[in-house]
Amino acid sequence: MIEGLGKLLSLGSGKSWRRSVSFSDAEHEMLFRSRLLEAVCWCQRMGQITAPKSTLRSPLLQPEVITGEGASASWDHRYLDISGAVARLCKKRANLLGEEQLEELDVNGRLLLFWPEETLDCGAAQESSKGYFDAGNTPPWDTWLWFGPIAKEPSALISWVPQDFLSLVEQGLWANPEQCIQWL
């Protein structure tokens, strides 16, 4: 069980983590840590705070669980292999990054949880976050890390939120009536 993932990875937020991410073995924990560093690297390369609706939604990484294109893309609730889709996205992102130096990253930001089965698709978070979330409350796919059970709760999508987007995401969280998106 990872209790203080922020300290473990030196994320620098200084905030205590309210939830735990548990892994069945050390291999899964290392995979999660690797995906996190790759997402941070990718987001630093791609993220532009001036375009929250389109940034961090690279066409190269768009997973099969997302239908549509660009700003009108949204979560397909009929898709069953969410874990597989997230794994394929992460593998593709890692391949595209290649041998890029991951040690020199500015890893300020936070981890976010999204429960796709609980969304009302109301668009409130999308509007409040200026498009960081889509109409189904899904965070941008470039930030995705993991899909699986969180503590004793149902499976959730874990994503990385870069420092520059924290205030937009916070606005989206406040507007989300069903609370299907929350900080980890």
>> Give the residue list of trypsin sites (Lys or Arg not before Pro) in the range 73-147 that are DSSP loop and have at most 10 other beta-carbon atoms within 10 angstrom.
In response: 78
> Net charge near residue 174, counting Lys/Arg +1 and Asp/Glu -1 over other residues with Cβ under 14 Å of its Cβ?
Replying inline: -2
> At a Förster distance of 25 Å, what's the computed FRET efficiency of residue 54 paired with residue 88, Cβ-Cβ distance as r, to 0.05?
Replying inline: 0.70
>> Can you compute the modelled spin-label distance between residue 130 and residue 78, with each label point 7 Å from Cα toward Cβ, in nm?
In response: 3.5 nm
> Excluding residue 82 itself, what net charge comes from residues whose Cβ is under 14 Å from its Cβ, given Lys and Arg +1 and Asp and Glu -1?
Replying inline: -3
> Spin-label point model (7 Å from Cα, Cβ direction): what's the residue 33 to residue 64 distance in nm?
Replying inline: 3.2 nm
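None of the figures in this text is laboratory data; all of them are computed from the coordinates on show. Quick caveat, the model's predicted, so the values are computed rather than measured. Ideal geometry is used to build each Cβ from the backbone, glycine not excepted, and the neighbour counts take in all protein chains shown.
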